[in-house]
Every structure is written in C-alpha cells, then in structure tokens.
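Following this message is one structure expressed as structure tokens.
The values are calculated or read from the model by the stated rules, or taken from the named source; none is laboratory data. Quick caveat: nothing in here was measured; it's all calculated off a predicted structure. For neighbour counting, all protein chains shown are included, and Cβ atoms are generated from backbone atoms with ideal geometry for every residue, glycine included. Surface areas here come from the heavy atoms of the whole protein model, side chains and all, with no ligands, DNA or RNA. Shrake-Rupley method; radii C 1.70, N 1.55, O 1.52, S 1.80 Å.
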Amino acid sequence: MEALIDDLEHTTIYYRPRNDSEESDGEGGLGNLNRLIVRPPGHSGKAKRGHLCFDAAFECGNLGRADHITELEYDLFIRPDTCRPRSRFWFNFTVENVKQDQRVIFNIVNLGKEYTLFNENMTPIVRSSSRPKWQRLPRRLLFYHRSLVHRGRKILSLAFGFDKDEDIYQFAAAAPYSYSRLQKHLTMWEKRAQTFATRESIAQTTQKRRIDLITIGDLAPKEESKGEIITKGKFNETKKRVVLVLARVHGGEQPASFICQGFLDYIVGSSEKAIALRNGIVIQVVPMLNPDGVFLGNHRSDLIGSDLNRCWNRATSYAHPALIAVNDLIKKIAAEKTMQLDFIIDIHADVSHEGVFVRGNSYDDVYRFERHAVLPKFLGMRVEAWKPELCLYNADSLAAGSARRTLSVGSVDAYTLLASMGGRRLTPMGPYIHYTEDAYLKIGRSLVKALCDYYRHIGVIAPREGVSVQKKESRRRRRRRKRTINERERSPSSSPEKRVLVARVLSPPLPLASPPALRALPLRTAKNATLRGRPRTVHVGEGTLPIITGKAVRTPRLAVVNLSAYIRLRWQHCTIATRALRPERAPVARLTSDEYDTHDSDS
C-alpha cells in the first residue's frame, strides 16, 4: 500500500516525461498556482521564512488564486473547471516556506454550492511530508459562515498552526486518487488476475490518456445439457450474465475510485463469494471514464468543459471518445445471443448527503419497477449506513443525459450508486463518523457480496455448499409447532383420565415460641478475606499467548492550534473578542457575478 500513496513531490506538470501529453501543459499550469510566494504589500526582495508559498500545479491539484489579507489571514480562490466556471468545489494544494508555530486562517471564498456537507460535520483533510497519512481537521477549527466582506457569500474558513518549518503541508477536500495511482494499481492487479481477467484499452482521451476496460470471467456461454434443471424447476439459461461497472465520471469525486478499487481487490481474492461470482457471471469494469478531468483537478468536467454524466444521449466520437466506446461495448453485448446485460452501475460521490444510497429509474409497469428495486434491497443489507430514505426512482428531465437514464434500454437495470464524500451516522442520533479510504474499500466489497446474493437468489449461481436452501424455522414458530401423535401420547396430560389435579397440601402451623438460637455463621467478609489471601493460580495452556508488557507507541499527529478567538463571525448577533485589534483589509479585486453562480446539480 505504501507504493500506492502519492509522494508529496513538487514535480509540476511542466516537468513530466516526454511520452506524456503536450496539450495539458498550458491548460493545467495557467489555471493553477505554480509555487507562488505570497508576500505582504510593499515587500520586495528575497522571501523570508513565513511568507507562504502556494502550489497546485501537480496532478489533481486545484487552487487558482491566493490573496494576502494580513499576516494571519489569506483569501484562497478555487480554480473553476475548464470551460465550466460554475463547478467549484474540489481543492487540493500545498503550502511551504512556513515558520515554526505560525498561525494562519485560510478563507476559501468561491465555493460553487452553498449547501454542502461543510454545513454539517464534514471537515477537510491535511498531511505533511513527514506525516504522509491524511488527518481530518478538528471541527472546532472549521467555520462555514456567511461573510459580509465577501458580498454576503458563504465562505469556508480554516484555522491552522504549522509546527515544523521544514515540512510541506497539503490540504484537500478529500483524499485524492490520481490517474497515475490507478495505473500503478492496475499493473499490480493484472498480475494477480491474469488467469481469469483481461485488461485492454478501449479508447483514448483528448490528451491521449487510455480508457481501461477490465473483463472478469469468460464471455463464452456455458455448455449445459438441455435436461439439466435447477432447484426452482426451470431450465438453466445458456446466456452468460454480464454486469457493467463505471466509475470516476467526475474528476472531483475521489471516493468513486476507492470504491472501485475495493470492488476489484475483493473479486480477485480467494473468498467463496468472489470465486462463485467470477465463475458464474461476467463483470466488466471501466475504473476511470474521465482521466483528463482527474489529472487537471476539475470537479465535474473534462478538458473541453463537458459534464460526461449529462452527455450520454448526445455523445460524439471527437468530444466524448470514452462514452462512445462504452456505448459500442453495450451494443456489442446486446447483439450477442449468448450474453445478457443485466446491470449497469455508475459509481459517484455526493457532497450534500450522508451515507450510501442509489438513484434509479421509474417504470409504468409495476412488475418491471419491482424487479428494478431488487438489487438495491440486497445492497442495503450489505452496505453499512445505507440510507433508504435518500434512494430515488424517478424520470427527472434534468438527468436525461445521465448513464442511468440513457443506458437502461430494454431489460437492463441502470443505477447510480452514490457515497458521501464526508461521512455517515450508524443511527439517526448517533455520532458522525468520517469516511476513510478503508471505509470506501469496504463499500466496494459489499457491492460484490450484494451481486452474489442476487444471482444466488435467482438461481444463476449455485447455493453455497453445506448450507441448506430451505430457510431455518424461527424459534417462535418452532415453539408454536403442533406436536406429533407420539409426543402427545408420551405427555402425562394427553388423555382425560390422566388429567388429575394434585391434592393441595397445607403448610404446617407456625410455632408458638421462636426456635432456639442457631450458631452464628462466619461473616462473609472473613470468607472473602480468606479468599483474597489465597494465591491465585493461573493455568496457561498451550494455545494461550504470553502477556506482553511495554509502552504504547503514539503516531505523530499534526499540531493544530485553536484560533477561534481570531475569527469574527458576522452571522451571529454576538462577536467573539479578539486578542488584538485586526488591521484593516487591503483592497482586493472581487470576482464577477458569473463566477459566483451556484446553480449546479449533483451527479
């Protein structure tokens, strides 16, 4: 796993290998900050320690502008998506040239949506070069408030204290998952699954990045005799069942790649469900449909500004080669008489809701709709923090170009699987738990188990060996079960002649005088003292582990300083008293109203 973690190296996109694309040099570099040192007004010459250096000109980076307000406060602007100025949520940047115990406040002032999970309990993540593990910022240091200075917009303020001047600190909205990391993972995954899986490139993007297609299982139909009958009394179908999984249509939805990785890692394993699923059906996975948007750090769009999840019904070979390749793949499966495409699962992330849920389609036929809702039922029994109240089945015209609306032709069931970018609650009033990389991988494993449960339910995959097909009788039903004739004959009250009431026995009368005094019993304390004084013998068996004593090793964490006293919350009636008078803000150029437009929809 250490090889998969992106190294925090400042190799900008201008210094990439020559075999990489040339078209992305200017686009990614001109939009993001490239090692910009933000100096105070009037300062010239060499930068001093404490003049922060911002950089986002690397893969998956996003930061368009940084303004110096005071020595304590900086205004940061997210770079909008390429040719799509309304999409602004994903940010990923680094800060260096810091000073020991320096305290700062970062104001992210141009978020594209006002209502996000930052309103609830979601917090950004941070790591440094000496501590590469991502850590969540404490909620008490995060302020999502409406600022009058920024024309009444809602801004995200982060209070942070740097503890090491040699470190390079990286801030992000969620854990990044880059295109390079995917290629490294697929290279290692291909070696493990080379006996039953294939990997191929079905298209190239505008910047000449490959679109991978992974096929797990054999597309050839099973050779079965016509007289073979399954448990339900129907003949086995010779058609091979196919499931298509799509991921990372939007570049800023990083959890989709982690879920897809968990899906691939589990299905290549040696578990009984994984073996049964890959032997019974064919699974085709496209792990990254928008590598250009992922590389550039866009939130929703690709290089030319297209939202790929709204272009399935009007895709062209020049602008959307990935969508055309997937459409051709679906048409090829539909043309084959020996294959049947059952499900299309499009994995996304959501920035406005908690937990995991799906979005499906609605049908006029009641039986068709009931069959469409079966797989989400199995998925809800496997996924932790499943949100059935957020699952929607509609025919919304705003999502006419999405994958679940366009690709659900005939008997194909298409879904959009969404996982929260923030966290979940196991109970409605329970504590808020942030999602980690391992939690997203677990969702991918749960998807494999749900598919295995579904195909076992319909009889495509044989039931597990050693487990009876009949359901076990509940305990209450076993108690109420009617006894057999032999059991009734053995019962003493089974015949009328044996049902005789027992004579009532009266208790003897009480004595006139109290009985003689009994010998005093020893006190319980004395007995306990005797027991405590005895040496306790512990019998150690062969399988018992010895007791290990020692000091626990604590993982180093980033030192975060509470700077709530320095932030003036204008949306409250009261004002927090500051330790020192805040100097006046320098005049800063404001953005236009078009850049503040927030009307954008999820997934």
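Compactness ratio of the stretch 113-214: Cα Rg over 2.2 N^0.38 Å, N = residue count? Could you put the intermediate results ahead of the total?
Details: Rg = 20.1 Å, N = 102, 2.2 N^0.38 = 12.8 Å.
Normalised Rg, Cα atoms only: 1.58.
If you take the Cα atoms of the stretch 363-405, find Rg, then find the Kirkwood Rh from the mean of 1/r over all pairs, what is Rg/Rh?
On the way: Rg = 12.1 Å, Rh = 12.0 Å.
My calculation of the ratio gives 1.01.
Could you tell me how many cubic angstrom of Cα convex hull volume the stretch 101-163 has per residue? It would help to have the intermediate numbers written out before the result.
On the way: hull volume 6.2 nm³, N = 63.
So the per-residue hull volume is 99 Å³.
Now, a different point. Using only Cα atoms, locate the centre of the stretch 297-334 and the centre of the stretch 385-403, then give the distance between them in Å, rounded to an integer.
One Cα centre to the other: 20 Å.
Let me ask something else about it. Regarding the stretch 357-462, what's the average projected area of the Cα-atom convex hull, expressed in nm²? Can you show the working numbers first?
Working: hull surface 32.3 nm².
Value for the stretch 357-462: 8.1 nm².
Right, something else. I need the shape label for the stretch 267-382. Rule: rounded when a/c is under 1.5, else prolate if a/b > b/c, else oblate, with a, b, c from the alpha carbon gyration tensor.
Working: a/c = 1.44, a/b = 1.34, b/c = 1.07.
Taking the square roots of the gyration eigenvalues as a ≥ b ≥ c, the stretch 267-382 is rounded.
Structure shown: which of Lys113/Lys332; Lys387/Lys442; Lys154/Lys442; Lys113/Lys331; Lys99/Lys184; Lys337/Lys442 lie over 28 Å apart, alpha-carbon to alpha-carbon? Kindly include the intermediate steps, with their values, before the conclusion.
Working: Lys113/Lys332 40 Å; Lys387/Lys442 16 Å; Lys154/Lys442 34 Å; Lys113/Lys331 37 Å; Lys99/Lys184 36 Å; Lys337/Lys442 35 Å.
Where the Cα-Cα span goes over 28 Å, the pairs concerned are Lys113/Lys332; Lys154/Lys442; Lys113/Lys331; Lys99/Lys184; Lys337/Lys442.
Now for a separate question. Positive end of the charge dipole of the stretch 61-163 (Lys, Arg +1 and Asp, Glu -1 on Cβ, about the Cα centre): tell me which of Val95, Ile69, Ile155 has its Cα farthest that way.
In the stretch 61-163, that residue is Ile155.
Now a separate question. With N set to the residue count of the stretch 70-117, report its C-alpha Rg divided by 2.2 N^0.38 Å to two decimal places. Mind showing how you got there, number by number?
Values: Rg = 13.4 Å, N = 48, 2.2 N^0.38 = 9.6 Å.
So the Cα radius of gyration is 1.40 times the expected 2.2 N^0.38 Å.
Counting only protein heavy atoms, what percent of the accessible surface of the stretch 252-403 is carbon or sulfur at a 1.4 Å probe?
56
Follow-up. What value in Å³ per residue do you get for the convex hull of the alpha-carbon atoms in the stretch 60-150? Spell out each step's value before the answer.
Working: hull volume 11.8 nm³, N = 91.
Per residue, the Cα convex hull of the stretch 60-150 comes to 130 Å³.
Then there's this: Could you tell me the largest-minus-smallest coordinate of the C-alpha atoms of the stretch 235-304 on each of the three principal axes, in descending order and whole angstroms?
That works out to 50, 25, 12 Å along the principal axes.
Write down the accessible area per residue of the stretch 31-72 in Å², having rolled a 1.4 Å probe over the full set of protein chains. Don't skip to the end; give the middle numbers.
On the way: 1850 Å² over 42 residues.
Averaged over the residues of the stretch 31-72, the accessible area is 44 Å².
What is the Cα convex hull volume of the stretch 40-85 when expressed per residue in Å³? Intermediate results must be reported in sequence, preceding the final value.
Working: hull volume 5.2 nm³, N = 46.
Output value, Cα hull per residue: 112 Å³.
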